[in-house]
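Notes follow once the structure below has been shown.
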Amino acid sequence: MSFNLKGRSFLTLKDYTPQEIKYLLDLSAELKKAKYIGTEAKNLQGKSIALIFEKPSTRTRCAFVVACSDQGAHAEYLGKGDIQLGKKESVEDTAKVLGRMFDGIEFRGFKHSTVEILAQHSGVPVWNGLTDLYHPTQVLADFLTIKERKGYLKGISFAYVGDGRNNVANSLMIGAAKMGIDFRIVSPKELFPTEELVAYCRSEAAVSGASVTVTDDVKLGVSGCDVLYTDVWVSMGEEEFFDERIRLLKDYQVNMDMIRATGKEECMFLHCLPAFHDTKTTVGLEIFEKYGLKEMEVSDEVFRSKHSAVFDEAENRVHTIKAIMVATL
Ligand code: CP
Ligand code: NVA
């Protein structure tokens, strides 16, 4: 290893070089293998980790807890309503207190500035478990899953279809630009990423050999793609926008027609999850009753098809989050 990530926070992939991202992916694969064959070392023995969640989570929370347990660390869950964070105590003061007690802090919540303040004042590594702007730990799991199934990452053609300006889309675009991916955002113009972020990603792409395309043309956007990716049309905290998003995104559903439009038989489907691919959820059922839609961002057929690697991807959250903690603690 020619560089050292000890003591570093992980707030956005903007802060990490392509070499550092590659190192984290390689370490994730090593830790996954060690867990499978039973040779995992407890690198985090005696460490205590705070997990702050302002928004709900299945994968991210469980991945941190299991990664801590595998590595010998203690994880303490601090949910919404458990701590004062910004309510009766400033984020800065909370950061200073948690930094005296814990060796690392995970934060999932609304404002990206909250995770920045935690990192600025805690004196320990802080990891972003999703904010309104970014979801960087997700992208490591996505890239590991592509490497496992396709054997390579650089040069892969990848389309993110749907809400092109959400946290997952933003982080995928940054990661793809750094890792030499032919990356496309396919979404209606109203949901394009900010020009500022696209410009940043294009400057990274110029160095890595990646390309960054932003288009509202589905056929053009998905043509030749090895990977199709989507996420929910309405992210946590934006529930008032269901009407508008359904109107804007109904023609951007990932279904078998879209898979065929890639022209790639082995096209792979990814989704960070949770997904609306049927009516087996209360929200999914409400949407069906109100709009007559049985599935939203992805059809049930694609979700359950051989193209789909979504549960490998979900499992890989553990191995990649573990790698981030092992590398930075
Ligand atoms: N993909 C993801 O972050 O899932 P959770 O919201 O369940 O953590
Ligand atoms: N964009 C989604 C991701 C969930 C993992 C959200 O923020 O709700």
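A short reminder: the numbers here are calculations on the coordinates, not readings from a lab. What you see is a predicted model; the values in this text were computed from it and never measured. With ideal geometry, Cβ positions are generated from the backbone for all residues, glycine too; neighbour counts draw on all protein chains shown.
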Query - Principal-axis tilt of helix 112-122 within the chain, Cα atoms, nearest 10 degrees - result: 20
**Report entry** Filtered GluC sites (Glu not before Pro), the range 219-296: DSSP coil and at most 11 other beta carbons within 10 Å
**Finding:** 265, 266
Query raised in the report: For the chain, modelled as a GNM with alpha-carbon contacts under 10 angstrom, which of 156, 287, 37 fluctuates the most?
Result: 37
Report summary line: Candidate cut points under trypsin sites (Lys or Arg not before Pro) in the range 150-227, DSSP loop plus at most 14 other Cβ atoms within 10 Å of their own Cβ, are 154
Query - the chain: angle of helix 310-328 to the longest principal axis, Cα-based, in degrees nearest 10 - result: 30
Requested in this report: Distance between Cα centroids, the range 153-171 to the range 269-329: provide it in whole Å.
Outcome: 15
Query raised in the report: In straight Cα distance, which aspartates and glutamates are under 16 Å from residue 154, not counting same-chain residues fewer than 8 positions off?
Result: 20, 26, 142, 182, 204, 226
Report summary line: Restricting to Cα pairs under 8 Å and 6 or more apart, the percent relative contact order of the chain works out to 20
Report summary line: Expressed in µm² per second, the diffusion coefficient of the range 12-104 from the Stokes-Einstein equation, with Rh the Kirkwood radius over alpha carbon pairs, at 20 °C and 1.002 mPa s, is 140
Requested in this report: Select from 164, 151, 99 the residue whose mean-square fluctuation is largest in a Gaussian network model of the chain (Cα-Cα springs shorter than 10 Å).
Outcome: 151
Report summary line: Hits in the range 147-185: amide N under 12 Å from the 7 Å Cα→Cβ extension of residue 265, namely none
Report task. Would you please name the GluC sites (Glu not before Pro) within the range 166-225 that are DSSP coil residues with at most 13 other C-beta atoms within 10 Å of their C-beta? Result -> none
**Report entry** Taking all pairs of distinct alpha-carbon atoms in the chain, Kirkwood radius in angstrom
**Finding:** 20.2
Query raised in the report: Helix 167-178 versus the longest principal axis of the chain: what angle, 0 to 90°, nearest 10, using Cα atoms?
Result: 90
Query raised in the report: Toward the positive end of the charge dipole of the chain, about the Cα centre and with charges on Cβ (Lys, Arg +1; Asp, Glu -1), which of 9, 255, 162 goes farthest?
Result: 9
Requested in this report: Taking just the C-alpha trace of the range 59-135, give me its Rg and Dmax in Å.
Outcome: 12.1, 35
Requested in this report: Just tell me which lysines come within less than 20 Å, Cα to Cα, of residue 32; anything on the same chain fewer than 8 places away is out.
Outcome: 22, 42, 147, 150, 322
**Report entry** Phi to ³J(HN,Hα) by Karplus 6.51 cos²θ - 1.76 cosθ + 1.60 over the range 88-105, Hz, x for Gly, Pro
**Finding:** 10, 9, 5, 4, 4, 5, 4, 4, 5, 5, 4, x, 6, 10, 10, 8, x, 9
Query raised in the report: Can you list the aspartates and glutamates whose alpha carbon is less than 18 Å from that of residue 280, not counting same-chain residues fewer than 8 positions off?
Result: 231, 289, 295, 297, 300, 301
Query raised in the report: How high is the relative contact order of the range 161-302, given as a whole-number percent (alpha carbon pairs under 8 Å, six or more residues apart)?
Result: 24
